[in-house]
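The values are calculated or read from the model by the stated rules, or taken from the named source; none is laboratory data. As the structure is a prediction and not an experimental result, all values here were calculated from the model. Neighbour counts run over all protein chains shown; Cβ positions are idealised from the backbone, glycine included.
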Amino acid sequence: MTLTAGIPYPTSGEVAAELATAAANRIARLPSIGSVLRANPIVLALGLALTPTTMGDGTLPNPVDTLSPSQMAWANTVTERLGLPSGWLAQNLAMKQHAANMAGGGTLTEEDYDQVAEDTYKQAQAAGQLNIAQSAVTTGGVRVTSRERERPANCIVGPYQDILDICAGEAHHIVPDMAYRLGARPTGAATASPEGRIPGAPTLKEGMSICLTPAQHGSGPTGIHGRLRPKLNALGAASPVPGTAPMGAITMASLSEINAIPDISPECKEYAAVRTVEQVTNGPGLAAPGRTRESPLPSADAKRVLAAGSY
């Protein structure tokens with residue numbers, strides 16, 4: 001199959017045949033599905049939310065329970081081939097399969113698979129997340145991870161404590177530190193402590209940050225805080241646990257506002273995105289709940305899921 005963008009990928013039948021051959025030779029080894037967004041609508045950086053057929057209790061179908069091994073293998077193979085964010089294609093395919101099951105059909109056609117791949121690619125493209133959530137980009141046919149890439153010139157991006165003293169403007173947490181916290185912003189020695197934060201979260205000092213001018217960083221209508229706040233509020237309002245949203249959605253919304261700053265080079269934006277998604281993925285994870293409002297403080301239900309690190 002081939003996307004409208006011209007990128008080829010295997011059909012579900014081809015992946016199933018490969019699995020059957022591998023199984024016959026007793027060497028079948030399926031890749032890990034990684035982090036899968038579940039128990040919440042998938043909310044994209046543009047502020048759009050998918051509205052899938054749920055399992056009846058308000059949660060999304062779990063890809064591991066809904067999809068067959070060959071379907072999971074196809075989703076993982078195509079995710080890698082197209083550079084999609086981890087879990088998006090598997091979740092979208094699970095929603096498609098669950099809807100087919102509920103309708104009494106069950107079996108998906110190759111056209112169904114093609115449409116899910118196309119739609120997921122467009123979602124990731126619109127959200128600026130192609131190749132980024134896997135912390136790798138393709139250069140001249142060679143996949144290059146963020147650790148192998150050098151920071152672009154005139155691009156001050158790194159942990160908050162590392163850039164604070166070298167930033168001539170204002171150091172900005174790309175993912176708001178508030179998203180990781182259960183309470184008020186820490187001060188003093190607490191800025192280096194993991195206490196009062198969601199499991200796996202970076203400390204305030206460790207949070208991936210970028211150097212902005214005061215105008216870019218402000219809370220007014222043209223500043224990044226002023227533009228991002230309503231997006232995060234909307235994510236939290238649409239959540240089954242108000243005031244929270246998956247860290248993947250919070251990260252995408254945050255990166256979309258970095259991408260909207262015209263004075264930052266495309267190379268710096270890409271570098272910032274790779275480093276940020278890498279930190280979230282390796283820390284709390286894209287599916288973990290994060291906080292979406294500075295005030296009021298999280299409710300009891302919100303604190304419960306935030307402290308647990310899952311919905």
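Determine which single condition residue 293 fails, assuming it passes every other condition in (1) under 16 Å from the mean Cα position of the chain (by Cα); (2) under 17 Å from residue 250 (Cβ atoms).
Here residue 293 clears every test but (1).
Determine the pairs where a residue that is closer than 15 Å to residue 176 by Cβ and of a type in the set (Ser, Thr, Tyr), located within segment 206-220, has a partner that is at pLDDT 95 or above and part of a loop (DSSP other than H, G, I, E, B) with Cβ atoms under 7 Å apart, the partner being 6 or more residues away or on another chain.
Filtered contacts from segment 206-220: 209/174.
Which of the residues belonging to segment 217-263 are polar (S, T, N, Q) and farther than 24 Å from residue 202 by Cα?
Going through segment 217-263, the residues polar (S, T, N, Q) turn out to be 219, 222, 233, 239, 244, 251, 254, 256, 259.
Matches in segment 217-263: 222 only.
Only residues that are at positive phi and touching a Leu at 6+ places or on another chain (Cβ under 8 Å): list them for segment 211-260, please. Write out each step before concluding.
Let us first name the residues in segment 211-260 that are at positive phi, namely 243.
None; the set is empty.
Given 272, 302, 287, 245, which one is at pLDDT 95 or above and either under 19 Å from residue 158 (Cα atoms) or touching a strand residue (DSSP E or B) at 6+ places or on another chain (Cβ under 8 Å) (or both)? Steps first, please.
Working: 272 fails: at pLDDT 95 or above; 287 fails: at pLDDT 95 or above; 245 fails: at pLDDT 95 or above.
Only one candidate qualifies: 302.
Where residues in segment 195-222 are under 23 Å from the mean Cα position of the chain (by Cα) and among the β-branched types (Val, Ile, Thr), which of them is surrounded by the fewest Cβ atoms within 10 Å (Cβ to Cβ)?
203
Of everything in segment 87-132, what is outside any helix (DSSP H, G or I), in contact (Cβ under 8 Å) with a residue 60 or more places away in the chain and not polar (S, T, N, Q)? Give them in sequence order. Reasoning before the result, please.
Step one: filter segment 87-132 for residues outside any helix (DSSP H, G or I), giving 87, 103-109, 127-132.
From what is left, the residues that are in contact (Cβ under 8 Å) with a residue 60 or more places away in the chain are 87, 108, 127-129, 132.
Answer for segment 87-132, where residues must be outside any helix (DSSP H, G or I), in contact (Cβ under 8 Å) with a residue 60 or more places away in the chain and not polar (S, T, N, Q): 87, 108, 127, 128, 132.
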